[in-house]
Every structure is written in structure tokens, then in C-alpha cells.
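For reference, the structure is listed below as C-alpha cells.
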Amino acid sequence: MIRMCDLPRYADADMEEIKKMKEAHEVLNQVTYDPTPLHRGYTDKRLKIDVTDNSVSIIDIPQEVKEKFTGGKGYCLRYLWDATNPDTKWNSPENAITMSAGPIAGITQYGGTGKCLVCTISPMTDIPIDSNVGGYFGPFLKFSGFDVIELTGKAKEDVIIVIDGNKGTISIEKAPLEHKDAHILGEELTAMYAEDENDRKNVAVVCSGSAAEHCNLSMLNFTFYDPKRNVVRLKQAGRGGIGRVFADKHIKALVCHFRGVKANLNDVYDIKIINKDGLKFHREVATQDDKQNSMRKSGTAYSIRTLSDYDILPTHNYKYGGTDKVDEMAPEVWREKWLTQGGADGCWYGCSMACAKTADHFLLKTGPYKGHRVCVDGPEYESAAGLGPNCGITDPQVILELNFYCDTYGIDTISYGTMTAFLMECYENGILNKERTGGLELVWGNAEADLEMLHQMARNEGFGKIAALGAHKQKLYFAEQGWGDPAFLNDIAMEQKGLEYSEYGCKESLAQQGGYGLTNKGPQHDEAWLIFMDQVNNQIPTFEDKAEALYYYPMFRTWFGLLGLCKLPWNDIVPADNSLTDEPAKVPEHVDNYLDLYYGVTGTKIDRDDMIRMSERVYNFQRIFNIRLGKGLRKNDAIPYRSQGPVTEEEYLSRQERYDRQLVDLVGYTREEVEKMTLKEKMAATRRHRESEYEKLIDAVYPKRGWTLNGVPTVAHLKELGMDLPELLEIVEPLQDVQP
């Protein structure tokens with residue numbers, strides 16, 4: 001068995017084992033093709049593979065699709081729609097997994113240009129989920145001749161799909177012997193399909209892990225080979241259970257081999273523009289990173305202490321916004337004791353932000369790989385916060401161990417952390433006990449029970465079967481068993497639309513509550529991260545301001561997913577004079593950089609309004625997709641009260657001075673009236689106010705987005721966007737006058 005970081009290179013015995021695995025493959029179908037060269041960022045080709053009959057189709061992408069959906073997430077949603085129908089479930093054979101990088105993806109001159117978008121109908125939300133991911137697969141797929149890949153059907157046995165963009169071959173192979181855990185499978189397939197040791201950097205693998213066959217929280221790992229460490233590293237398309245769909249189709253892995261990455265494979269319109277902006281960005285990172293966020297030293301976990309200071313770091317299932325033990329996992333701790341420093345740490349060529357940190361030779365203390373030394377990517381901020389303080393844990397050893405096993409088992413760290421925090425609060429309140437958990441004592445900070453539950457999930461044993469459901473289905477199950485009050489469970493289960501919250505406590509940011517609740521896919525911060533603008537800097541004080549932000553930022557951030565871009569280079573490192581601009585939160589110089597990149601790649605000039613319209617087309621399409629599947633209305637944008645205010649008495653008392661003051665300053669009570677109120681009365685008044693504010697926010701945001709007050713895109717708005725497609729009008733026209 002190969003163990004990452006255990007060996008400096010593959011031993012002969014390991015290569016013999018891999019050779020036997022390859023010999024056991026049965027080629028079910030292989031086709032040859034002439035890879036279409038890229039022109040201005042596109043090949044205009046779609047690869048469709050149906051694993052039911054092992055058919056392979058290469059299909060032209062029409063100009064109309066290109067104009068209306070741009071690429072990336074747009075292409076993924078368009079072809080997912082076409083593959084499915086209103087009755088399609090996550091495990092229906094016709095449910096597709098679509099992947100697309102976008103026209104800018106793959107350039108090597110600017111930071112964060114290696115992203116790939118992945119979409120499917122989610123087993124957690126029952127609507128389309130989109131997840132962005134780094135690694136090499138997205139660019140390699142483009143360079144191999146395809147703007148989008150669509151995987152559909154169900155295989156009878158586990159198969160591996162192999163695309164070789166140099167040879168022009170696509171094969172579907174029965175693969176019975178490879179391991180399923182991602183850190184091993186990624187190594188095996190990288191070695192198997194590389195021509196020699198130096199060729200490993202040209203192999204990218206997509207796989208899930210051993211938990212994917214039965215766990216709703218399963219994700220996809222995307223690999224890239226790190227020659228410096230001689231190890232295959234993992235990035236994740238984490239959200240929404242995409243890995244479970246992958247496993248349900250009996251796809252063990254997707255492999256793409258492409259040799260020959262260079263500066264202009266996209267055949268761009270004007271490479272001088274791209275070089276100029278790239279050089280400017282690299283200089284900015286070099287001079288500003290240490291002064292701003294130290295991303296190159298600490299990665300995205302640099303923000304942990306700051307968020308705790310501002311009462312935003314989720315702690316004990318979002319009850320609190322920080323911990324007095326935060327110094328145990330502060331940025332300098334990760335940097336000095338756990339993370340390897342030196343050299344480039346980007347997940348695609350040319351990214352000088354180098355935020356893809358790693359703990360090398362990390363010694364595992366539990367589970368099937370106990371005693372192994374492995375490479376753990378991260379932790380990213382979301383993983384550190386969710387696996388850490390949200391569950392009462394601040395020990396980096398435990399956080400990294402949880403992170404590693406989530407990754408290799410194919411479990412989303414965000415959903416796992418938030419779900420585990422919910423279970424721990426259920427245990428605290430007697431909804432769960434040792435008898436119901438099979439002996440797991442799920443109290444705050446119990447790392448042993450936390451890790452054992454994770455291992456049970458991977459084995460599909462014991463209480464792990466319940467954990468594998470995710471928080472939405474757990475709260476329904478607990479209520480059915482009579483274990484807890486459904487209203488209380490709804491209040492404390494930090495999920496919405498079926499997806500667990502990402503890791504920001506938003507009680508004091510109404511805009512961020514909307515940033516979570518008014519998403520299309522569920523509460524993920526990649527649509528609208530407004531918490532600092534709102535809570536810390538008070539830049540959007542009125543409902544009108546918040547509505548404008550909840551219109552602009554989701555549309556602007558959607559644009560990254562259409563083009564194949566990482567969001568971090570936009571605003572985690574900013575120009576030195578950014579604070580002097582009219583709208584520093586938008587980082588206007590970087591917005592102009594992206595407009596330059598689009599023009600430099602495609603040859604089409606767009607302005608800032610065009611950028612937003614491109615996103616609006618896809619955003620509204622996704623909203624209507626949700627409606628097509630029975631969701632997507634105002635009632636589906638309700639959020640758990642824990643994300644709005646204090647659910648429990650101890651929660652209120654922990655911030656009593658603040659909450660009492662708000663009853664006077666915001667709600668209108670006098671100080672004398674507040675002093676006479678009981679704790680329950682104050683909590684009830686606080687709740688009425690906060691829930692009312694959220695409804696007012698919705699009333700302000702929907703019209704700004706061109707939607708009815710029931711959350712339905714209006715016909716007039718679709719016509720304005722050029723999205724008055726017959727299949728969309730058929731869905732929205734009957735709902736135009738329906739009241740919420």
C-alpha cells in the first residue's frame with residue numbers, strides 16, 4: 001500500500017502492485033478523437049459520457065449557449081438542465097455530474113486561474129449544487145479539447161474514465177483492485193497513467209473516497225502532483241454531496257492526462273494584456289501580502305484570531321462567536337509548528353498567492369492509517385473553524401487529523417464540522433445520549449468521540465449511519481423518534497435548503513444572514529461574504545444598502561465561477577491605495593484587471609455592467625432550475641433562528657448587555673421596560689424583531705434582483721437579460737402573481 005510522504009519515491013514493489021492493478025482493468029470502451037485546439041479560451045466542444053452503456057459523445061456547443069451561459073458554472077447548469085427533468089432525483093440515472101473550467105481558466109500569468117466548477121442535483125438539497133475546486137483537472141480537460149464534461153447514467157461495476165489529451169483517447173475501464181480512499185487512489189492512478197516519474201505532474205485525478213457510497217456529505221477530490229514533495233495533493237469540490245452521486249454512478253475515478261502546459265494554450269486574443277496585468281498582480285502580492293494577510297505563510301486560516309475578536313468565529317454550534325482558546329490555533333501556531341514553508345504552494349501554475357498550505361509528514365494517531373505519516377492539505381479557514389471551535393476543539397493535531405480523514409474518506413469538512421456541532425448540542429440537551437449514539441459521548445471538545453464517529457461514517461457502521469445523513473435529515477429523524485422538540489431542532493440545526501452553513505457566525509450581520517439565506521444552492525459564503533462590510537465596518541447600514549450589496553456581490557462572485565477564477569486574488573490581497581477608492585469593498589482596480597483578462601483572452605470588450613449581466617443570466621437560470629424541482633420560492637429562503645439570534649438562555653446571557661441595549665436602541669423599548677422584562681420576554685422580543693428584520697430584508701432584495709416578492713424572476717427581467725427562453729417562461733409565467 002502506498003502512503004503519502006512515507007517514501008521519497010515509488011518503490012519497485014509498489015510499482016509492481018500498480019502494474020497488477022492496471023492489468024486487472026477491462027477496457028469497456030475506448031474511442032479516439034482529434035483534440036480541438038483552444039481559440040480565445042474555448043474549444044466549443046462538450047464531452048458526454050453515459051456509463052450505463054459506456055457511450056462517448058463529442059458534441060458541438062452552440063453559439064447561443066456560449067453567449068447566454070459563458071462557461072464554467074453556466075455550462076454546467078445548462079447541460080444539467082438538459083439532462084434532467086422535473087422528477088429527477090439525485091440518484092436517478094439521468095442526473096448528471098457536469099464539470100467546466102471556463103474561458104480564462106488555464107492561463108498561467110495571473111493568480112487563481114485554475115478553478116473548475118462542478119454541478120449535480122444534490123442528495124442533500126434536492127436542487128442543483130455548484131462547487132468550485134482547484135487542482136489541475138479543469139485546465140487539463142480544456143487543454144484536452146473540452147469546455148465541459150457531462151457524466152450520466154449508472155455503471156454496473158466500478159469504472160474509471162481516462163482522458164488522454166495528447167494521444168486523443170477516451171477509455172472507460174472496469175477497475176476492481178484500486179483502493180477507494182482518495183490519498184491512496186490518487187497516488188495509484190497518478191503512477192498508473194503517468195509515462196514516467198517526470199510525467200506525474202501531467203496527471204489529474206477526480207475521485208471521492210470510501211464514505212461516498214453511503215454518506216450524503218460526500219465530496220469530490222481533485223488532485224495535483226507536487227514534485228517538490230513527491231506527493232499527490234488534494235483539493236475539494238466539497239459542497240452538497242457531489243461525491244455520493246459520483247459513487248452512485250459507480251465511477252471510481254476520472255483521470256485526465258495532459259502534457260505540455262505553457263503560457264498560451266488558450267490561444268488568447270492579446271497575451272500582452274494578460275502579461276501586463278499578471279506582472280502587476282505578482283508585484284502586489286510580493287509587496288502587500290506580509291502587510292495584509294500573510295496568505296503565503298498561513299494560508300486562508302490567517303483570519304481565525306481576527307474573526308474570534310469580532311465575535312464571528314463559530315463556537316459550540318454557532319452559539320458564540322469566539323473562544324478564549326483561540327491562541328492555540330492562531331496563524332503563527334499553524335505557521336511555526338505545523339505548516340511547511342518555502343516554495344510555491346499554488347494549486348495551479350503561476351499563482352503567487354501560494355495559499356495552498358500543507359502539513360507534511362503528519363503522524364496519524366487514529367483510524368485505519370494510524371501510524372502513517374501523510375500530507376494534509378490545509379487546513380483552510382473553513383475546515384479549521386468548523387472542525388475546531390464550532391465543536392469545542394482547538395488542538396491543531398485533532399483538527400488536522402479530522403481534516404485528513406474527511407478528505408481521504410471523501411467527506412466535506414464544512415458540512416461535517418457544522419453537522420457534528422449540531423449533534424454535540426443535541427447531546428448536551430439530552431436529545432442524544434450514549435445509548436442513542438452507540439456509546440459515543442458527543443460532548444464539546446471530545447476529539448476521541450468525534451474521530452470515532454468519522455471512522456464509523458466511512459465504514460457505514462453504528463451511529464456513523466445517522467451522522468452520514470447530514471443535519472437536515474438528522475433533525476427530521478430525531479423528531480420522528482420523539483427525541484426532541486421539532487421547533488428547537490429547527491432553531492439549532494445550522495442548515496438551510498438541506499446544506500450545512502459554512503463557518504461564519506452572523507447573528508449581528510443582517511446582510512450576511514441574507515448572504516446565506518438568499519443563495520440559490522444553500523448557505524455557502526461564496527455568493528455573498530458581507531459580514532465585514534456590515535458588522536465590522538458598517539458600510540451598508542440601510543435596507544437599501546444591504547439590498548444593493550445582496551444584488552451586486554452574488555452576481556459579481558458568480559462571474560468568477562463562469563470564467564474559471566479563484567476569488568481569493570480579488571480581495572484577500574488588495575492594492576496599497578485601495579482604501580482611498582470610492583468603493584474599496586469592490587477592489588475596483590482588481591475588477592478592471594478581470595475585465596482586461598476577459599478582453600485579453602476572448603477579444604471581446606465588456607464593462608462592469610456587462611459582467612453583472614453575464615452573471616445575472618446564469619443566476620436567474622439557476623433560480624428557475626430550483627423552482628422546476630419544487631423549491632426556489634420565498635419559503636425556501638427561511639433560515640434557522642440560530643443564525644439570527646440567541647436560541648437559548650445561556651446564549652442571551654452571554655451577550656446580555658448587547659441584547660438589552662438593542663431592545664432599547666433598535667426595537668423601541670425604554671430602559672425601564674427592559675429592566676422589568678423577564679429573560680424569556682426579552683428573548684421573545686429580540687426574536688420578533690430579528691425575524692421581522694429578515695423579512696424586510698427579503699422585501700428589499702427580491703425586487704432589486706428582478707424577482708417577485710415570492711422569489712420568482714419576473715418575465716420582464718428575463719426579457720431584459722435575454723433569458724426569456726421558452727422552457728423558463730413555461731415555469732415562471734404561472735407564478736408571476738402568486739403571493740408568498
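Observations on the model:
- The range 42-98 - residue that is within 23 Å of residue 265 (Cβ to Cβ), among the aromatic types (Phe, Trp, Tyr) and in contact with a Phe, Trp or Tyr (Cβ under 7 Å, 6 or more places away or on another chain) and, of those, surrounded by the fewest Cβ atoms within 10 Å (Cβ to Cβ): 69
- If you go through the range 287-324 and keep only what is in the same structural domain as residue 378 (by TED's automatic domain parsing), among the β-branched types (Val, Ile, Thr), in contact (Cβ under 8 Å) with a residue 24 or more places away in the chain and out of contact with any strand residue (DSSP E or B) (no Cβ under 9 Å at 6 or more places or on another chain), you end up with 300, 304, 312, 315.
- So residue 392, is it in the same structural domain as residue 452 (by TED's automatic domain parsing), touching a residue at least 60 places away in the same chain (Cβ under 8 Å), more than 21 Å from residue 225 (Cβ to Cβ) and surrounded by fewer than 24 Cβ atoms within 10 Å (Cβ to Cβ): yes
- For the residues 349, 381, the requirement of being within 24 Å of residue 238 (Cα to Cα) and surrounded by fewer than 20 Cβ atoms within 10 Å (Cβ to Cβ) singles out 349.
- Taken over the range 704-726, the criterion of being in a helix (DSSP H, G or I) and in contact (Cβ under 8 Å) with a residue 12 or more places away in the chain is satisfied by 704, 715, 717, 718, 720, 721.
- Filtered residues of the range 121-139 (kept if part of a strand (DSSP E or B) and in contact with a His (Cβ under 9 Å, 6 or more places away or on another chain)): none
- Yes/no for residue 401 being at pLDDT 95 or above, in the same structural domain as residue 298 (by TED's automatic domain parsing), crowded, with 24+ Cβ neighbours inside 10 Å and more than 19 Å from the chain's Cα centre (by Cα): yes
- Residue match in the range 571-579 (condition: within 21 Å of residue 355 (Cβ to Cβ), outside any loop (DSSP other than H, G, I, E, B) and free of Cβ contacts under 8 Å to residues at least 40 places away in the same chain): yes
- Each residue in the range 634-673 was checked for being in contact with a helix residue (DSSP H, G or I) (Cβ under 9 Å, 6 or more places away or on another chain), among the small types (Gly, Ala, Ser) and assigned to a helix (DSSP H, G or I), and 1 of them qualify.
- The residue list 339, 313 contains one member that is more than 29 Å from residue 213 (Cβ to Cβ), surrounded by 24 or more Cβ atoms within 10 Å (Cβ to Cβ) and not acidic (Asp, Glu), which is 313.
- Residue 513 falls short on exactly one of the conditions (1) free of Cβ contacts under 8 Å to residues at least 40 places away in the same chain; (2) crowded, with 17+ Cβ neighbours inside 10 Å, and that condition is (1).
- Any hit, the range 172-182, residues being touching a residue at least 60 places away in the same chain (Cβ under 8 Å), touching a helix residue (DSSP H, G or I) at 6+ places or on another chain (Cβ under 7 Å), of a type in the set (Gly, Ala, Ser) and under 30 Å from residue 525 (Cβ atoms): yes
- Residue-level check: of (1) under 19 Å from residue 86 (Cβ atoms); (2) in contact with a helix residue (DSSP H, G or I) (Cβ under 7 Å, 6 or more places away or on another chain); (3) assigned to a helix (DSSP H, G or I), residue 698 misses just (1).
Here is a yes/no grid of residues against (1) in contact with a Leu (Cβ under 7 Å, 6 or more places away or on another chain); (2) at pLDDT 95 or above; (3) surrounded by fewer than 22 Cβ atoms within 10 Å (Cβ to Cβ):
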site: 115; (1), (2), (3): yes, yes, no
site: 118; (1), (2), (3): yes, yes, no
site: 122; (1), (2), (3): no, yes, no
site: 137; (1), (2), (3): no, yes, no
site: 144; (1), (2), (3): no, yes, no
site: 158; (1), (2), (3): no, yes, yes
site: 162; (1), (2), (3): no, yes, no
site: 165; (1), (2), (3): no, yes, no
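- Hits in the range 186-218 (condition: in a helix (DSSP H, G or I), closer than 22 Å to residue 245 by Cα and hydrophobic (A, V, I, L, M, F, W, C)): 189
- When residues of the range 189-247 are limited to those that are among the small types (Gly, Ala, Ser) and out of contact with any helix residue (DSSP H, G or I) (no Cβ under 7 Å at 6 or more places or on another chain), the one surrounded by the most Cβ atoms within 10 Å (Cβ to Cβ): 240
- Residue in the range 569-587 that is of a type in the set (Gly, Ala, Ser), surrounded by 23 or more Cβ atoms within 10 Å (Cβ to Cβ) and either farther than 17 Å from residue 280 by Cα or over 21 Å from the mean Cα position of the chain (by Cα) (or both) present: no
- Taken over the range 477-510, the residue count meeting the criterion of being closer than 22 Å to residue 128 by Cβ and either surrounded by fewer than 19 Cβ atoms within 10 Å (Cβ to Cβ) or in contact with a Ser or Thr (Cβ under 6 Å, 6 or more places away or on another chain) (or both) is 6.
- For the range 176-187, filtering for residues that are closer than 13 Å to residue 252 by Cβ and crowded, with 24+ Cβ neighbours inside 10 Å leaves 3.
The values are calculated or read from the model by the stated rules, or taken from the named source; none is laboratory data. The structure displayed is predicted, hence computed values, not measured ones. As a convention, Cβ positions derive from the backbone with ideal geometry for all residues, glycine included, and neighbour counts pool all protein chains shown.
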